[in-house]
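The block underneath contains the structure these notes are about, expressed in structure tokens.
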């Protein structure tokens, strides 16, 4: 997408929030399960399987199967350009949501396609945030504090491994290899991971990072990456990571233009059992990864909180009113 839009990425809901304030009162491995016959990827000059390239997360795949198991897989809508003003990003920013028949849902284990429940301990931790109101949101319904916004809206992180997965724009994932290292560069919120392949020791448990600490190795043609030392706020599936959280990722190139990604989540303090998601990437080396300069353009929080303080000064509530033009929230929220 145009880098000008990437620079403005934090702006997209500013006008709508201001108006709200003022206008109205483990499954099979990828190598075995994704293709009917084995594919041998090319090698790097030093002999590792070559998975380099840009693998944009362009497929808008639901996370899990609906509780109603008889419901059909949702049909993806192609993006359209509209002049209608809503709280969503301008439609010309939206890069895709391309159709795929490669996989209907990301959760492939358990076999029922459903994420396991959070443990009672994990639910209590999440519920206690913001003084008992639960975690912040990407599109808050009330604006008492900056804490009403999630870390993504605050330009801190989209979380791990959410940064690898689909979003409505800036979804590039560039992979570069060097002897002893693999580098993953995600366009959204400019996340970087440098993954050593030399079996070095893990850092102390006192160390935490939004992308965690990763160690990789090759199992045949599959890159296997174990990530620990995750910041709790970088949680996935509604939970918060702990010192016991471990994520095993598997990257398998199954065709010249296809890379299958799997991630297995394991922490008995967070989920009642481990689970695995799978996501297919298609190579697109014409895709340009631009700087995601979120904070330089993040007027959304400033404008939204300013409007909320104006409402408070008038003795009014800070509940967000999207109005008739607001429309549904991105991702299907109402």
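The values are calculated or read from the model by the stated rules, or taken from the named source; none is laboratory data. Not measured: the values here are computed from a predicted model. Neighbour counts are summed over all protein chains in view; Cβ atoms, including those assigned to glycine, are modelled from backbone coordinates with ideal geometry.
For region 261-276, which residues satisfy the criterion of being in contact with a helix residue (DSSP H, G or I) (Cβ under 7 Å, 6 or more places away or on another chain) and part of a loop (DSSP other than H, G, I, E, B)?
Residues satisfying the conditions are 269, 270.
Any chance you could count how many residues in region 177-187 are closer than 19 Å to residue 227 by Cα, part of a strand (DSSP E or B) and either modelled with pLDDT of 95 or more or over 20 Å from the mean Cα position of the chain (by Cα) (or both)?
Summing the residues that are closer than 19 Å to residue 227 by Cα, part of a strand (DSSP E or B) and either modelled with pLDDT of 95 or more or over 20 Å from the mean Cα position of the chain (by Cα) (or both) in region 177-187 gives 5.
What are the residues in region 107-125 that are in a helix (DSSP H, G or I) and buried (at least 17 other Cβ atoms within 10 Å of the Cβ), if any?
122, 125, listed by residue number.
Conditions tested, residue by residue: (1) touching a helix residue (DSSP H, G or I) at 6+ places or on another chain (Cβ under 8 Å); (2) at pLDDT below 95; (3) part of a strand (DSSP E or B); (4) over 30 Å from residue 126 (Cβ atoms).
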{"site": "189", "(1), (2), (3), (4)": "yes, yes, no, no"}
{"site": "195", "(1), (2), (3), (4)": "no, no, yes, no"}
{"site": "223", "(1), (2), (3), (4)": "no, no, yes, yes"}
{"site": "226", "(1), (2), (3), (4)": "no, no, yes, no"}
{"site": "259", "(1), (2), (3), (4)": "no, no, yes, yes"}
{"site": "278", "(1), (2), (3), (4)": "yes, no, yes, no"}
{"site": "301", "(1), (2), (3), (4)": "yes, yes, no, no"}
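Provide a single number: the residues in region 16-63 that are outside any loop (DSSP other than H, G, I, E, B) and either modelled with pLDDT of 50 or more or closer than 27 Å to residue 194 by Cα (or both).
7
Check region 147-167 and report whether any residue there is at pLDDT 90 or above, farther than 30 Å from residue 320 by Cβ and in contact with a helix residue (DSSP H, G or I) (Cβ under 8 Å, 6 or more places away or on another chain).
No, region 147-167 has no match at all.
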